[in-house]
Amino acid sequence: MSRDITALIDKLELQHTLSLEEYAALVQGRTPDAMRDIAARAQHIRRDVYGTAVYVRGLIEFTNLCKNNCLYCGIRRSNHHCDRYRLTTDEILACCASGYELGFRTFVLQGGEDGYWSDEILCRLVMQIRTLYPDCAITLSVGERSRESYQRLYEAGASRYLLRHETADKAHYEKLHPAEMSFDNRMRCLQDLKEIGYQVGCGFMVGSPWQTPETLAEDLKFIEEFSPDMCGIGPFIPHKDTPLGDHPAGTLDETLWLLSIIRLMLPHVLLPATTALGTIHPKGREMGILAGANVVMPNLSPVSVRKKYELYDNKICTGDEAAECRACLAGRMKSIGYELTTDRGDVRRN
Ligand code: SAH
């Protein structure tokens with residue numbers, strides 16, 4: 001392992017900040033030895049803050065209708081092969097009920113940007129969940145909305161919001177999205193969410209088309225400065241019915257490397273070992289935890305719709321009931337010396 005890379009890892013661990021040039025050098029400095037070294041440090045830091053508890057979030061993919069046309073995404077509006085669905089309020093509440101029964105204390109409502117869910121209708125749903133499960137956290141992941149909308153949803157009882165920035169490089173963002181979407185609006189949303197008081201998650205895909213060490217350095221700098229409570233990163237995986245369907249997937253090693261870098265940068269961040277990571281390697285999520293991640297997000301959606309929420313090809317866990325997903329993940333975590341925890345898992349800042 002080169003001395004330069006060890007010096008950069010030391011500096012990041014001690015100071016939690018690097019320059020853009022240093023981040024780019026670190027991104028490019030990955031070797032098997034350096035991966036082992038940074039993962040050991042990341043695990044150590046994560047254990048100091050969160051112990052060996054792995055937080056679970058029950059993911060409810062409640063609609064795959066979407067007005068957007070992100071070039072990488074399988075549920076983009078121009079994908080006419082996508083079989084569209086929208087869960088009813090009762091179906092969503094049934095997912096929460098079975099999740100609660102299984103010990104989940106965080107519900108993540110994720111979906112495409114489906115115009116049916118006006119502020120009024122979505123606020124009503126959030127309030128219903130809030131009333132039925134006062135001890136649970138409600139996380140929303142429904143894309144770009146107005147500040148006023150975010151404010152209303154917060155007041156209705158949502159306290160966390162996931163909105164990946166996708167890439168912090170504006171020119172790169174414009175290659176991954178159609179002209180009608182705006183990098184500046186995405187960033188505005190993230191600022192608004194934070195100012196309103198949400199626990200906010202940003203993030204990006206590893207190995208997305210046209211990503212470079214320099215764009216990744218910008219991602220890392222953005223994450224350092226924005227200091228999110230959560231950060232979702234997982235490999236880009238092509239979806240055959242999208243314009244980027246012929247591009248190669250991101251790699252396991254690069255994703256693990258970046259997870260460890262983010263743990264060193266933000267010791268308190270909630271960092272999921274994502275389903276995409278579990279899709280590119282059978283033990284991807286375990287390896288993600290061992291690289292410094294501390295969250296898993298099993299699926300609570302009804303099995304009948306699972307396959308339809310296909311952001312990318314070959315997504316795992318589309319055939320299992322929620323109880324099976326939870327038991328499977330509990331076993332996977334136990335096999336590496338960690339345990340699933342049922343508490344709300346709020347971010348620990350001190
Ligand atoms: N519409 C919502 C949430 C749904 S998409 C939103 O915009 O936030 C959730 C995340 O899935 C996206 O932010 C993106 O980073 C990821 N994703 C989409 N297509 C993907 C692909 N082909 N491979 C890997 N991740 C993908």
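Checking each residue in the range 260-316 for being of a type in the set (S, T, N, Q) and either farther than 23 Å from ILE9 by Cα or out of contact with any Lys or Arg (no Cβ under 8 Å at 6 or more places or on another chain) (or both) picks out THR274, THR275, THR279, ASN299, SER301, SER304, ASN314. Here the range 20-33 is the region considered, the condition is being out of contact with any Leu (no Cβ under 9 Å at 6 or more places or on another chain) and free of Cβ contacts under 8 Å to residues at least 60 places away in the same chain, and the residue that is most open to solvent (accessible area, probe 1.4 Å) is PRO32. The conditions of being in a helix (DSSP H, G or I), open to solvent by 50 Å² or more (accessible area, probe 1.4 Å), closer than 30 Å to LYS315 by Cα and not basic (Lys, Arg) are met by ALA40. Apart from one condition, SER208 fits all of (1) in a loop (DSSP other than H, G, I, E, B); (2) open to solvent by less than 10 Å² (accessible area, probe 1.4 Å); (3) over 17 Å from VAL27 (Cβ atoms); (4) of a type in the set (Ser, Thr, Tyr); the exception is (3). Between GLY99, GLY51, GLY74, GLY103, the distinction of being within 16 Å of the ligand (Cβ to nearest atom) and open to solvent by less than 40 Å² (accessible area, probe 1.4 Å) belongs to GLY74 only. Take the residues in the range 243-265 that are in contact with a helix residue (DSSP H, G or I) (Cβ under 7 Å, 6 or more places away or on another chain) and open to solvent by 20 Å² or more (accessible area, probe 1.4 Å), then tell me which one is farthest from ILE5 (Cα to Cα). Checked the range 243-265; the qualifying residue farthest from ILE5 (Cα to Cα) is ALA249.
I want to confirm something. Restricting to the range 56-70 and keeping residues that are part of a loop (DSSP other than H, G, I, E, B) and touching a helix residue (DSSP H, G or I) at 6+ places or on another chain (Cβ under 9 Å), which single residue is nearest to the ligand (Cβ to nearest atom)?
Result: CYS70.
Only residues that are open to solvent by 10 Å² or more (accessible area, probe 1.4 Å) and without any contact (Cβ under 8 Å) to a residue 60 or more places away in the chain: list them for the range 124-140, please. Correct list: ARG124, MET127, GLN128, ARG130, THR131, LEU132, TYR133, PRO134. Inside the range 168-187, residues that are charged (D, E, K, R) and free of Cβ contacts under 8 Å to residues at least 24 places away in the same chain make up a count of 3. If the condition is being away from the ligand (no atom under 16 Å from the Cβ) and either farther than 29 Å from GLN43 by Cβ or of a type in the set (Gly, Ala, Ser) (or both), then the range 310-350 contributes GLY319, GLU321, ALA322, ALA323, ALA327, ALA330, GLY331, SER335, GLY337, GLY345. The set of residues in the range 267-298 that are open to solvent by less than 20 Å² (accessible area, probe 1.4 Å) and touching an Asp or Glu at 6+ places or on another chain (Cβ under 8 Å) comprises VAL269, LEU270, ALA273.
Of all residues in the range 24-69, those that are closer than 30 Å to GLY115 by Cβ and of a type in the set (Asp, Glu) total 1.
The values are calculated or read from the model by the stated rules, or taken from the named source; none is laboratory data. Computed from a prediction, not measured in an experiment: that's the story for all the values here. Counting neighbours? That spans all protein chains shown, and the Cβs are built from the backbone with ideal geometry, glycine included. Side chains are part of the model used for accessible areas, which takes the heavy atoms of the whole protein and leaves out ligands, DNA and RNA. Shrake-Rupley method; radii C 1.70, N 1.55, O 1.52, S 1.80 Å.
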